[in-house]
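Following: one structure in structure tokens, then a few remarks.
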Number of protein chains: 2
Amino acid sequence: MKRLSASNLYVALTHYPVINKHGDTIASAVTNLDLHDISRVSRTYGVRAFYVVTPLQDQKVLIERIVSHWVKGVGAAYNSKRREALELIRIRDSIQEVRAHIREREGQEVKTVATCARAAGDHLSFSGLRSQLRSGVPHLLIFGTAWGLAQEVLDAADYVLEPIRGATTYNHLSVRSAAAVILDRLTATCG
Amino acid sequence: MKRLSASNLYVALTHYPVINKHGDTIASAVTNLDLHDISRVSRTYGVRAFYVVTPLQDQKVLIERIVSHWVKGVGAAYNSKRREALELIRIRDSIQEVRAHIREREGQEVKTVATCARAAGDHLSFSGLRSQLRSGVPHLLIFGTAWGLAQEVLDAADYVLEPIRGATTYNHLSVRSAAAVILDRLTATCG
């Protein structure tokens with residue numbers, strides 16, 4: 001099966017604004033395994049950069065410590081595969097800053113695609129997004145933590161990707177699992 | 001896209017025998033997020049049971065504590081979606097015990113399919129396994145922790161699934177990510 005390179009695809013994992021169990025807008029804490037898993041998924045599928053978004057200073061310090069240990073510190077020699085993945089990480093305060101960084105890098109606006117487990121409103125289908133990616137225009141996939149992206153992020157995005165449907169109605173994949181499935185589906189071609 | 005139900009599919013996550021960075025056979029420790037993520041993936045794709053394999057008593061106690069908290073304890077009321085996923089977990093000492101349990105349940109031998117990041121020898125392709133699953137015969141997907149399944153597990157399995165290929169040669173997905181991608185690919189039909 002021929003696979004598409006995702007070289008015009010960026011990923012952002014955002015910790016604010018996201019919602020909690022009750023639908024309140026919160027800032028979530030960074031999870032170490034999110035950084036490792038999603039950077040490895042990003043490296044596997046040729047994603048250009050993996051932005052970790054949080055406005056919280058202590059969280060940024062934590063991410064920086066984890067990344068520098070494995071990219072520059074003792075860990076870099078210990079596990080080069082981990083380094084190659086974590087090297088993709090860029091820390092930013094907000095989605096707006098991520099857009100600005102990509103704009104500067106690409107010389108054009110990035111198309112933003114929010115992801116969401118709950119079905120609501122118009123969605124861009126997986127096949128629709130695959131087609132758009134073939135045009136070469138840069139796209140940014142935005143993933144949420146906690147109980148998902150706050151409505152304002154969904155509203156501000158150019159598109160909201162359709163939810164992942166498995167074999168059942170149950171759709172409560174972790175963000176780590178969702179990122180892996182979505183990136184795999186986006187780079188697949190059938191036949 | 002029509003999706004196949006995985007109701008003849010079982011998943012096992014094994015902590016022994018697996019290998020470490022140097023290729024030595026070890027028993028690995030259970031990771032909390034593996035239980036949560038892979039049980040959610042299993043629930044999403046209609047997997048019948050998620051066996052967590054470890055011969056270590058302290059590890060079994062740990063798994064039991066985590067599962068019972070969310071399935072029977074305070075956690076069950078707090079998060080029913082987590083409960084529905086973790087309910088799929090069965091703890092067993094070895095792959096042999098998993099096979100015996102499935103044999104008893106299904107009245108026939110399960111076909112075992114080991115998974116591996118490194119390419120070696122004959123592999124069953126994803127499309128080949130999808131075809132086999134359509135026959136209705138029960139299949140057990142075996143995932144490894146640490147640096148992967150020990151050679152003896154690969155040798156004893158009926159099949160070894162081809163490694164996941166992304167858009168690059170990098171293939172060091174976490175077991176959580178690999179399980180999500182594999183189950184999604186196995187239940188997908190193109191078109």
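I want to confirm something. Restricting to the stretch B:104-125 and keeping residues that are over 18 Å from the mean Cα position of the chain (by Cα) and assigned to a loop (DSSP other than H, G, I, E, B), which single residue is farthest from B:Ser177 (Cα to Cα)?
B:Gly107
Checking A:Glu106 against (1) farther than 25 Å from B:Ser39 by Cα; (2) in contact (Cβ under 8 Å) with a residue 40 or more places away in the chain; (3) of a type in the set (D, E, K, R); (4) out of contact with any strand residue (DSSP E or B) (no Cβ under 8 Å at 6 or more places or on another chain), which single condition isn't satisfied?
Of everything listed in (1) farther than 25 Å from B:Ser39 by Cα; (2) in contact (Cβ under 8 Å) with a residue 40 or more places away in the chain; (3) of a type in the set (D, E, K, R); (4) out of contact with any strand residue (DSSP E or B) (no Cβ under 8 Å at 6 or more places or on another chain), A:Glu106 misses just condition (2).
Spot the failing condition for B:Ala117; the list is (1) within 14 Å of another protein chain (Cβ to nearest Cβ); (2) of a type in the set (A, V, I, L, M); (3) closer than 20 Å to B:Phe50 by Cα; (4) touching a residue at least 40 places away in the same chain (Cβ under 8 Å), and only one is missed.
The failed condition is (3).
Do we have B:Ala77 as more than 28 Å from B:Arg185 (Cβ to Cβ) and either at pLDDT below 95 or assigned to a loop (DSSP other than H, G, I, E, B) (or both) here?
Details: more than 28 Å from B:Arg185 (Cβ to Cβ): yes; either at pLDDT below 95 or assigned to a loop (DSSP other than H, G, I, E, B) (or both): yes.
Spelling it out, B:Ala77 is indeed more than 28 Å from B:Arg185 (Cβ to Cβ) and either at pLDDT below 95 or assigned to a loop (DSSP other than H, G, I, E, B) (or both).
Just a yes or no: is a residue in the stretch A:74-81 of a type in the set (Val, Ile, Thr) and buried (at least 17 other Cβ atoms within 10 Å of the Cβ)? Lay out the reasoning, then the answer.
Narrowing the stretch A:74-81 to residues of a type in the set (Val, Ile, Thr): A:74.
This time we only want the ones that are buried (at least 17 other Cβ atoms within 10 Å of the Cβ), so: none.
Checking the stretch A:74-81: not a single residue is of a type in the set (Val, Ile, Thr) and buried (at least 17 other Cβ atoms within 10 Å of the Cβ).
Quick check on B:Cys190: is it at pLDDT below 90, part of a loop (DSSP other than H, G, I, E, B), over 19 Å from B:Val30 (Cβ atoms) and not small (Gly, Ala, Ser)? Please lay out each step first, then the result.
Values: at pLDDT below 90: yes; part of a loop (DSSP other than H, G, I, E, B): yes; over 19 Å from B:Val30 (Cβ atoms): yes; not small (Gly, Ala, Ser): yes.
Considered against the rule, which asks whether it is at pLDDT below 90, part of a loop (DSSP other than H, G, I, E, B), over 19 Å from B:Val30 (Cβ atoms) and not small (Gly, Ala, Ser), B:Cys190 comes out as yes.
Are any of the residues in the stretch B:49-56 within 19 Å of B:Leu133 (Cβ to Cβ) and in a strand (DSSP E or B)?
yes
Determine which single condition A:Val11 fails, assuming it passes every other condition in (1) among the β-branched types (Val, Ile, Thr); (2) within 20 Å of B:Thr169 (Cβ to Cβ); (3) part of a helix (DSSP H, G or I).
Only one criterion is unmet by A:Val11, namely (3).
Quick one: which of B:Ala180, B:Ala146 is modelled with pLDDT of 95 or more and at positive phi? So that I can check it myself, show each step before the final result.
Values: B:Ala180 fails: at positive phi.
Checking each option against the conditions leaves just B:Ala146.
Just one of the numbered conditions (1) among the hydrophobic types (A, V, I, L, M, F, W, C); (2) within 12 Å of another protein chain (Cβ to nearest Cβ); (3) surrounded by 20 or more Cβ atoms within 10 Å (Cβ to Cβ) is not true of A:Val153; which one?
Answer for A:Val153: the failing condition is (2).
Under the condition of being in contact (Cβ under 8 Å) with a residue 12 or more places away in the chain, more than 14 Å from chain A (Cβ to nearest Cβ) and hydrophobic (A, V, I, L, M, F, W, C), which residue from the stretch B:52-88 is farthest from A:Ser174 (Cα to Cα)?
B:Leu56
Hey, any hits in the stretch B:19-41 for a residue that's surrounded by fewer than 24 Cβ atoms within 10 Å (Cβ to Cβ), at positive phi and touching a strand residue (DSSP E or B) at 6+ places or on another chain (Cβ under 8 Å)? Spell out how you get there, then give the answer.
Our first condition is that a residue be surrounded by fewer than 24 Cβ atoms within 10 Å (Cβ to Cβ); within the stretch B:19-41, this holds for B:19-36.
The next check asks that each one be at positive phi; those that pass are B:23.
Imposing the further condition that a residue be touching a strand residue (DSSP E or B) at 6+ places or on another chain (Cβ under 8 Å) reduces the set to none.
No; the residues of the stretch B:19-41 include none that is surrounded by fewer than 24 Cβ atoms within 10 Å (Cβ to Cβ), at positive phi and touching a strand residue (DSSP E or B) at 6+ places or on another chain (Cβ under 8 Å).
Condition check ((1) more than 30 Å from B:Asn8 (Cβ to Cβ); (2) within 14 Å of chain B (Cβ to nearest Cβ); (3) aliphatic (A, V, I, L, M); (4) part of a loop (DSSP other than H, G, I, E, B)) across all residues:
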residue	(1), (2), (3), (4)
A:Gln96	yes, no, no, no
A:Ser127	no, yes, no, no
A:Phe143	yes, yes, no, no
A:Val160	yes, no, yes, no
A:Pro163	no, yes, no, yes
A:Thr168	no, yes, no, yes
A:His172	no, yes, no, yes
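Of the conditions (1) under 14 Å from the mean Cα position of the chain (by Cα); (2) more than 17 Å from A:Val175 (Cα to Cα); (3) free of Cβ contacts under 8 Å to residues at least 60 places away in the same chain, A:Val98 clears all except one; give me its number.
Only one criterion in (1) under 14 Å from the mean Cα position of the chain (by Cα); (2) more than 17 Å from A:Val175 (Cα to Cα); (3) free of Cβ contacts under 8 Å to residues at least 60 places away in the same chain is unmet by A:Val98, namely (3).
Can you say whether A:Val181 is touching a residue at least 40 places away in the same chain (Cβ under 8 Å) and among the β-branched types (Val, Ile, Thr), as far as the supplied structure shows?
Values: touching a residue at least 40 places away in the same chain (Cβ under 8 Å): no; among the β-branched types (Val, Ile, Thr): yes.
Taking the combined requirement at face value, the residue does not satisfy it.
The values are calculated or read from the model by the stated rules, or taken from the named source; none is laboratory data. On a predicted model such as this, the values are computed, not experimentally measured, just so you know. So basically every Cβ, Gly included, is an ideal-geometry build from the backbone, and we count neighbours across all protein chains shown.
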